[in-house]
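> Here it is, the structure, as structure tokens.
The values are calculated or read from the model by the stated rules, or taken from the named source; none is laboratory data. Computed from a predicted structure; not experimentally measured. Positions of Cβ are generated from backbone atoms using ideal geometry, with glycine treated the same way; all protein chains shown enter the neighbour counts. Note: areas computed on protein heavy atoms with side chains; ligands, DNA, RNA excluded. Shrake-Rupley method; radii C 1.70, N 1.55, O 1.52, S 1.80 Å.
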Amino acid sequence: RYTASSPLNYNSMERNMNSNEHCDVIVIGGGTAGVIAATQAGRAGAKVLLVEKTGMLGGTTTTGGVNFPGLFHAWGRQVIAGIGWELVTRCVTETGGTLPDFADYHRPHWQLQIRVNRFVYAALCDEAVVDADLDILFHTMLADIKPQRQGCGWQVTLCTKDGLAEWDATVIIDATGDANAAALAGLPIHIPDENQPATLSCQASGYDPADLDIDSINHAFDTEVKAGRLLYTDASWNTTGPNIGRWLTSRGISANHIHHINARNSEGKSRLELESRKSLLRLYRFLRQQAGLQNLVIEQVSPECGVRETATIRGKRTVTVEDYQSGRIWDDAVCYSFYPIDLHKSSGGGLQMEPLAEGVVPTLPRGALLPAGSSNFLVAGRCIASDRLANSALRVQATCMATGQAAGAMAALSASTGVDPAELPMADVYALLREHGAIVPGDTPVFAKSEPSV
């Protein structure tokens, strides 16, 4: 385990940045999928570089403020485990928390998600990557990626705070969530005409919801919307009327919608961050004028606005909503996935939610992690090849962790054997995943437990 006496080898990292250093695997993005992918590849013995654009690992769970990952269980049984489950349950244990009663699966699905402390989870991600003996570069972004002139690997240009640095890798894992690495590599991606709205999570205090006259505040809110000074979705997902109670009872957690911005590039990301904070500021100014909310405080705002949809790869296989809702068992399935269709919209009530039929547990194929026409290139997380409705379900954290672990395992095997990820024997992939605690499609699902293991 990582301790104060076993820090990262910063001297080695500085030397690497000033030379054309070779890695077995480079993982672009240290978010929900990337940190799991890098840890899995490192634990399997690969030489790994993890590249993260912010100063913190964890992505949506930490910088995005959605610190309630799920779903790991389906119909009362565990279907996703492995490194992601290890980190989540370790975080619950470290903070003295408890897990939901997963056996009581008739409850709303969001009640089966697991609350984690954002700081502790981020620090546990740090521990995991250090223990896996890999290199990490924070505050670094991908500048270019192209096939090596000789051999079958990739030449990667990174933009560091010191300038551009060149690295070589046998295998690339794109865990950006936006297919940025795949696009820079010239691999085919799909950009939707319409995007699901994004959400800026915050944490508000200084009031008791029980003491508030919600009807009166809603009336004042409606007046401000009709005057053009607020939007209904500043405080809820509903586009047709005021619902201030949602924001106030959740205290700002996952309670708004920011519309019509594709944040897959820096321009879109910049517009989204500006618009999301503008939305919260106008809501804050309004609420402070309402009875019982004069002492409202925004205790913290997530460093990044949470993004649900930007792009997907065009893969060697594509998961359709029919595949997902039927529970198709792919012949190259690498993991289970479980979540309702969950398409956030910029119209009506703001959400199209369709639960899976009882007993259905979808799987995801290896081919959906492989861009069409690629070699030695994997994708993990929400930008895997899938149609819009399927992606609205499989984009969630537990599934992203599972695809991250699958990508990390395949990358390590490919780097060590010289076999392209598309050609690896599935038996070898499954064996490595099982060795690191993952549940492989076809394995008997684990019965739900209500307490974390220590």
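> Only one of (1) in a strand (DSSP E or B); (2) touching a Lys or Arg at 6+ places or on another chain (Cβ under 6 Å); (3) of a type in the set (Asp, Glu) fails for Asp178. Which number is that?
Unmet for Asp178, out of (1) in a strand (DSSP E or B); (2) touching a Lys or Arg at 6+ places or on another chain (Cβ under 6 Å); (3) of a type in the set (Asp, Glu): (1).
> Answer yes or no as to whether Ser337 is crowded, with 16+ Cβ neighbours inside 10 Å, touching a residue at least 40 places away in the same chain (Cβ under 8 Å), small (Gly, Ala, Ser) and under 30 Å from His259 (Cβ atoms). Let's see the steps before the verdict.
On the way: crowded, with 16+ Cβ neighbours inside 10 Å: yes; touching a residue at least 40 places away in the same chain (Cβ under 8 Å): yes; small (Gly, Ala, Ser): yes; under 30 Å from His259 (Cβ atoms): yes.
Yes; evaluated as a whole, the condition is true for this residue.
> Just checking, does the stretch 97-105 include any residue being open to solvent by 10 Å² or more (accessible area, probe 1.4 Å) and under 17 Å from Phe138 (Cβ atoms)?
No; the residues of the stretch 97-105 include none that is open to solvent by 10 Å² or more (accessible area, probe 1.4 Å) and under 17 Å from Phe138 (Cβ atoms).
> Can you report the number of residues in the stretch 401-429 which are in contact with a strand residue (DSSP E or B) (Cβ under 9 Å, 6 or more places away or on another chain) and open to solvent by 40 Å² or more (accessible area, probe 1.4 Å)?
So the count comes out to 2.
> Another question, if that's okay. Return the total of residues in the stretch 174-204 being open to solvent by 30 Å² or more (accessible area, probe 1.4 Å) and either without any contact (Cβ under 8 Å) to a residue 40 or more places away in the chain or not acidic (Asp, Glu) (or both).
Our first condition is that a residue be open to solvent by 30 Å² or more (accessible area, probe 1.4 Å); within the stretch 174-204, this holds for 176, 180, 183-184, 186, 188-191, 193-194, 203.
Those still in the list that are either without any contact (Cβ under 8 Å) to a residue 40 or more places away in the chain or not acidic (Asp, Glu) (or both) too: 176, 180, 183-184, 186, 188-191, 193, 203.
Result for the stretch 174-204: 11.
> Taking the condition open to solvent by 10 Å² or more (accessible area, probe 1.4 Å), of a type in the set (D, E, K, R), touching a residue at least 40 places away in the same chain (Cβ under 8 Å) and closer than 24 Å to Ala183 by Cβ, does Arg317 pass? Talk me through it step by step, then tell me what you get.
Numbers: open to solvent by 10 Å² or more (accessible area, probe 1.4 Å): yes; of a type in the set (D, E, K, R): yes; touching a residue at least 40 places away in the same chain (Cβ under 8 Å): yes; closer than 24 Å to Ala183 by Cβ: yes.
So Arg317 passes the test.
> In the set Ser279, Ser236, Ser254, which member is open to solvent by less than 60 Å² (accessible area, probe 1.4 Å), closer than 23 Å to Gln352 by Cβ and part of a helix (DSSP H, G or I)? Explain how you work it out, then say what you get.
Values: Ser236 fails: part of a helix (DSSP H, G or I); Ser254 fails: part of a helix (DSSP H, G or I).
None of the others qualify; the one that does is Ser279.
> Output the residues belonging to the stretch 352-377 that are within 22 Å of the chain's Cα centre (by Cα) and more than 29 Å from Ile173 (Cβ to Cβ).
Residues of the stretch 352-377 within 22 Å of the chain's Cα centre (by Cα): 352-356, 361-371, 377.
Across the stretch 352-377, the qualifying residues are Gln352, Met353, Glu354, Pro355.
> Can you name every residue in the stretch 297-348 that is within 29 Å of Arg107 (Cβ to Cβ), of a type in the set (D, E, K, R), assigned to a loop (DSSP other than H, G, I, E, B) and under 19 Å from the mean Cα position of the chain (by Cα)?
Arg308, Glu309
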